[in-house]
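Throughout, read-outs are computed from the coordinates displayed, never taken from laboratory work. The structure presented is a predicted model; accordingly, all values stated were derived computationally and were not measured. Because the Cβ atoms are built from the backbone with ideal geometry, glycine has one as well, and the counts that use them run over all protein chains shown.
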Amino acid sequence: MRVVLDHITKRFADVTAVSDFSATLNDGELVCLLGPSGCGKSTLLNMLSGILPVSDGKIFFDDEDVTMLPPEQRGIGLVFQNYALYPHMTVLGNICFPLETQHVPKEERLARANEIAKLVHVDMLMNRRPAELSGGQQQRVAIARALVKNPRLLLLDEPLSNLDARLRLEMREEIRRIQQRTGVTTIFVTHDQEEAMSISDHIVLMKLGVLQQNDLPQNLYNEPANQFVADFLGNPPINNLPGTVSGGAFITEEGDGVVKMPLFEGIADGRKVNLSVRSESFVLDPDGPLACEVTRVYQMGKEEMAYFKLGECDFRAYIDADEGLKVGNRVRLNLKKRGVFVFDRETGERIK
Amino acid sequence: MERKFSKFLIYLVLILGAIIMLLPFFWMFTSAFKTTQEINRFPPDMFPSHISLNNFQRAFAMAPFAKYFVNSVIVMVCSVGLTTFTSILAAFAFSRLRFPGRNAIFSSLVALMMIPFEMLIITNYTTIVDLGLWDTLPALILPFTSSIFYTYILRNFFDSVSDSLYWSARIDGSSNWRYLWKVMVPMARPSLTTIILLNALASWNSFMWPMYVISSDANRTLPWGLQVFTTEAGSYPELLMAASTVVVVPVIILFLFARKYIVRGVARGGLKG
């Protein structure tokens, strides 16, 4: 099912949690709502589920306007961060609960519950209570309960944040597998960029209630729309070198470092910019435009993580270990085509 | 050394307290076996000279205790059932539903808890008389079909349940009604056990109100029925003690079994989960 968010705004008493948010999410995709805490992603999810009313704008499921529909009529499944399993019911009772409210006959209920339990691998736990399950198992049961009624849309609110690191990896692959098996359109809220990058078809990145970019994961990384997107994605974080453009060259704040490159041509003189470069986008080049000094070197096997100084600016880069960099070396670096951006320092807008 | 001494003091106080609490029960129990002469002797004897069930037989012959017992059970079951039902609904409304003045209404209800029941006896009495229910069993039930205290305990429990359970149930297609009975009430079983037990004890022991609104023998409950030994047939303290023993024993047994639920539930309700 296609989900259309049409100029959605949510105002609470004194804050605007989501403002003028528009996006279209494609049928059958797994979409991540990504952003730092407090960016309004959970608020958006709650508006999709009908828990929170919208202040402005409309929500469409396919062509149906669901903006005013109560949660139970939207045909969605929702998995909460704390799973929200009914503690007094067994796993089977939990999975059957949504079907009971729909008055599905008992035999069909059991058949569907067993089928979905097999899919999420909890079929051997049917008679346990939630307190007797591990975090990962509770998570699976919660997903089974959300899926058993064949929802049009599956919403997952930070489903992995209560799990330990190893389980998180396992469950995120599980969620991907289950989503692909059922083909249900899924929206997944997370603040973990790595999680989002690894499992989603599309990522919707938000900041302070405003949509930053809605794109394919690799596009978010390779073609960030603005400074925030570039900063948010990537580990280690992108290097930001603050400076000013003058005569087609980039000059660091203190004026100690000068980079003359075609990249800066066409940018107005005196414009304050950030030269933002991913750590993997530097290469050693005797004729390169960046004259730097090596300040630290960390061995990382095949590659080294080296820290450089350009004028007064520090940055880090992955360099082939064979180059044998030593602290104090003066070297020249060049920039690759990929992973090099120029942002306006005041507005964060992408220039190049 | 100092520690041992303070421990000694603490136990001394506790033991004295226990003796003071238990003495009336002890006296009731031993007096139930005494003869009329023994009970009127001064200074009193601690123990009866010989054990006989004579007092019990006489007491049961003097008043229709079986009838009183049935009345007590009817009143207890009805008032506990109704109070529990209304408390559950009210607690859910105050905990989950949004309506104007919700907190103001709840605060004023809690403030009403400070008015003792004795203050309301006269108005309740005229209400019961106006309704034509004087000297009937409903007169014993009607004023006790809701309770602010139990509502308060239950609301505190309901408040401690995560919102996500509610929304999960709503998204799974449950109405408020279904959510309340299928999810909240089963989860609240410990708190419910507590309020049901407290309420049952209070109803079973209720004396003053039945004394005002019940006059005929057929409609008396056990505590009010015991009065038969001092008012209508003269004073027979040894028979009164025998009958009281029979009335009190089931309650004591119930309390001993349920003690931990009562204490736990009240502490839990007060502490918000």
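Using just its DSSP H runs of length 4 or more, each adding -39500 (n - 2.57), chain A gives a mean residue ellipticity at 222 nm of -7000 deg cm²/dmol after division by all residues. Measuring between alpha carbons in the structure, the pairs from A:Lys10/A:Lys272; A:Lys118/B:Lys182; A:Lys106/B:Lys260; B:Lys182/B:Lys260; B:Lys4/B:Lys260 lying more than 31 angstrom apart are A:Lys10/A:Lys272; A:Lys106/B:Lys260. Each Lys and Arg Cβ is given +1 and each Asp and Glu Cβ -1; about its Cα centre, segment B:2-110 then shows a dipole of about 420 debye.
Within a 10 angstrom radius of each residue's Cβ in A:73-80, how many Cβ atoms of other chains show up on average? Whole number is fine. Could you put the intermediate results ahead of the total?
Details: counts 1, 1, 2, 1, 3, 6, 2, 7.
Whole-number average of other-chain Cβ neighbours for A:73-80 is 3.
Of the residues A:Leu33, A:Ala84, A:Gly57, the one whose Cα sits farthest towards the positive end of the charge dipole of segment A:11-119 is A:Ala84 (charges of +1 on Lys and Arg Cβ, -1 on Asp and Glu Cβ, taken about the Cα centre).
Between segment A:247-313 and segment A:162-222, how far is it from one alpha carbon centroid to the other, in angstrom? Segment A:247-313 and segment A:162-222 have Cα centres spaced 32 Å from each other. For B:Phe47, the shell of other residues with beta-carbons less than 14 Å away shows a net charge of -1, using +1 for Lys and Arg and -1 for Asp and Glu.
Where Lys and Arg each count +1 and Asp and Glu each count -1, what net charge lies around A:Lys272 among other residues with Cβ under 15 Å from its Cβ? All intermediate terms of the calculation are to be shown ahead of the outcome.
Values: positive: A:Arg271, A:Arg345, A:Arg350, A:Lys352; negative: A:Glu253, A:Glu254, A:Asp269, A:Asp344, A:Glu346, A:Glu349.
Result for the neighbourhood of A:Lys272: -2.
The long axis of helix B:65-96 is offset from the longest Cα principal axis of chain B by roughly 20 degrees.
Spacing of the modelled spin labels on B:Tyr125 and B:Lys4, each 7 Å from Cα toward Cβ, amounts to 6.0 nm.
Scan chain B and report its longest stretch carrying no trypsin sites (Lys or Arg not before Pro) that are both in a DSSP loop and have at most 11 other Cβ atoms within 10 Å. All intermediate terms of the calculation are to be shown ahead of the outcome.
Values: sites that count: B:Arg41, B:Arg98, B:Lys272.
So the longest stretch without any such site is B:99-271.
Ordering of A:19-26, B:191-198 by packing is B:191-198, A:19-26, highest average first (other Cβ atoms within 10 Å, averaged per residue).
Report relative contact order for segment A:126-285 in percent, whole number only (criteria: Cα-Cα under 8 Å, sequence separation at least 6). Relative contact order here is 13 percent. With Cα atoms defining each centre, segment B:1-33 and segment B:51-80 are spaced 31 Å apart in the structure. Counting only Cβ charges, +1 for Lys and Arg and -1 for Asp and Glu, the dipole size of the protein assembly as shown around its Cα centre is about 2060 debye. Neighbouring Cβ atoms from other chains, within 10 Å of the Cβ of residues in A:97-110, number 2 on average.
How many percent of DSSP beta bridges within chain A run antiparallel, rounded to 5?
75
Taking the centroid of alpha carbons for each part, segment B:98-133 and segment B:175-228 are 17 Å apart. The simple Förster model, with R0 at 56 Å and r as the Cβ-Cβ distance, assigns B:Leu109 and A:Asp27 a FRET efficiency of 0.65. Across the options A:Leu147, A:Tyr221, A:Leu211, the greatest Cα extent toward the positive end of the charge dipole of segment A:79-229 (unit charges at beta carbon of Lys, Arg, Asp, Glu) belongs to A:Leu147. Relative to the longest principal axis of the Cα atoms of chain B, the long axis of helix B:237-271 lies at roughly 20 degrees. Largest mean-square fluctuation among B:Glu118, B:Glu238, B:Glu38, in a Gaussian network model of chain B whose springs join Cα atoms under 10 Å apart, belongs to B:Glu118. Normalised by the number of residues in chain B, the average gap of Cα pairs under 8 Å and 6 or more apart makes the relative contact order 31 percent.
Protection proxy ranking, highest mean first, for peptides A:194-204, A:261-271: A:194-204, A:261-271, where packing is the per-residue count of other beta-carbon atoms within 10 Å, averaged.
Averaging the sequence gap over all C-alpha pairs within less than 8 Å and six or more residues apart, then dividing by the number of residues, gives segment A:1-159 a relative contact order of 25 percent. For the peptide A:144-155, the mean number of other protein chain Cβ atoms found within 10 angstrom of a residue's Cβ is 1.
Considering chain A as a Gaussian network with a 10 Å cut-off on Cα pairs, which listed residue, A:Pro224, A:Pro151, A:Pro286, attains the greatest mean-square fluctuation? Top of the fluctuation ranking is A:Pro286.
Placing dummy labels 7 Å off each Cα toward the beta-carbon, the span from A:Glu170 to A:Tyr298 is 2.9 nm. Looking at B:Phe5, B:Trp27, B:Ala93, which one has the Cα that reaches farthest to the positive end of the dipole of segment B:1-128 (charges on Cβ: Lys, Arg +1; Asp, Glu -1)? Value computed over the given set: B:Ala93.
Between A:Leu208 and B:Ala218, the simple spin-label model (points 7 angstrom out along Cα→Cβ) gives 8.1 nm. Each Lys or Arg adds one and each Asp or Glu takes one away; over the other residues whose Cβ falls under 13 Å from the Cβ of A:Phe341, this sums to +3.
Rounded to the nearest 500, what is chain B's calculated 222 nm mean residue ellipticity when only DSSP H runs of at least 4 contribute -39500 (n - 2.57) each, over all residues? All intermediate terms of the calculation are to be shown ahead of the outcome.
On the way: 14 runs with 193 residues, N = 273.
Calculated from helices alone, the mean residue ellipticity at 222 nm is -22500 deg cm²/dmol.
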